[in-house]
Amino acid sequence: QVQLVESGGGLVQAGASLRLSCAASGRTFSIHAVGWFRQAPGKEREFVAASSWSGGTRYYADSVKGRFTISRDNAKNTVYLQMNSLKPEDTAVYYCAARRTPMVQTTIGAYDYWGQGTQVTVSS
């Protein structure tokens, strides 16, 4: 099993930056890819960013491309989501996810482990 714990969310004004962290524990050697997803009130959970555990492959949703960056520190078993130029429409609960099998994926069903989420609120 793998446990994921997100942190770093908060309330910020539009244009500000936040860095989310996702600490992985347990059988971390089984992780081949990680992703960030978000869910706004009344909306379905959606893909934000994903990366191979090695960092060699990264995908981003069009809505965050150029503003968000996914990265990881393998020594710390931690994945980050640097979010710049935040907009009110970025307001959501952000979830970290991990996948046991190779290949970076952007769909919710492709991930085996999920964190509890961290709230990000961007005021206008």
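Laboratory data are not the source of any read-out in this text; all were calculated from the coordinates shown. Predicted model, so just to flag it, every value in this text is computed and none were measured. Because the Cβ atoms are built from the backbone with ideal geometry, glycine has one as well, and the counts that use them run over all protein chains shown.
Tabulate in residue order the Karplus-calculated ³J(HN,Hα) for the range 9-25, using 6.51 cos²θ - 1.76 cosθ + 1.60 with θ = phi - 60°, rounded to whole Hz; enter x for Gly and Pro.
x, x, 9, 9, 8, 4, x, 7, 10, 9, 10, 8, 10, 9, 8, 9, 9
Would you kindly derive the ³J(HN,Hα) couplings of the range 91-100 from the backbone phi angles with the Karplus curve 6.51 cos²θ - 1.76 cosθ + 1.60 (θ = phi - 60°), listing them in order in whole Hz, with x for Gly and Pro?
Per residue, the Karplus-derived 3J(HN,Hα) values read 4, 4, 8, 9, 10, 9, 9, 10, 10, 7 Hz.
Stick to Cα atoms and the Kirkwood definition of Rh, then tell me Rg/Rh for the range 1-47.
Numbers: Rg = 13.6 Å, Rh = 13.0 Å.
My calculation of the ratio gives 1.04.
Based on the alpha-carbon gyration tensor of the range 25-94 and its eigenvalue square roots a ≥ b ≥ c, which shape applies: rounded if a/c is under 1.5, prolate if not and a/b is larger than b/c, or oblate?
Values: a/c = 2.20, a/b = 1.69, b/c = 1.31.
Prolate.
If you take the C-alpha gyration tensor of the chain, multiply each eigenvalue by 5 and take the square root, what semi-axes do you get, largest first, in whole Å?
23, 14, 14
Using 7 Å Cα-to-Cβ label points, what is the LEU11/GLN119 separation (nm, one decimal)?
That separation, rounded to one decimal, is 0.9 nm.
List the lysines whose Cα sits under 16 Å from the Cα of LYS65, skipping any in the same chain fewer than 8 residues away.
Partners found: LYS87.
Specify the residue with the greatest mean-square fluctuation among ALA50, ALA98, ALA23, computed from a Gaussian network of the chain linking alpha-carbon atoms under 10 Å apart.
Taking springs between Cα atoms under 10 Å, the residue moving most is ALA23.
For LYS43, go through the aspartates and glutamates and keep the ones whose alpha-carbon is under 15 Å away, minus same-chain ones fewer than eight residues off.
Here the aspartates and glutamates satisfying the reach criterion relative to LYS43 are GLU89, ASP90.
5 Å is the cut-off here: which amide hydrogens, built 1.01 Å from N in the peptide plane, fall below it relative to VAL2, excluding neighbours closer than 5 in sequence?
Those lying under 5 Å, H to H, from VAL2 are ARG27.
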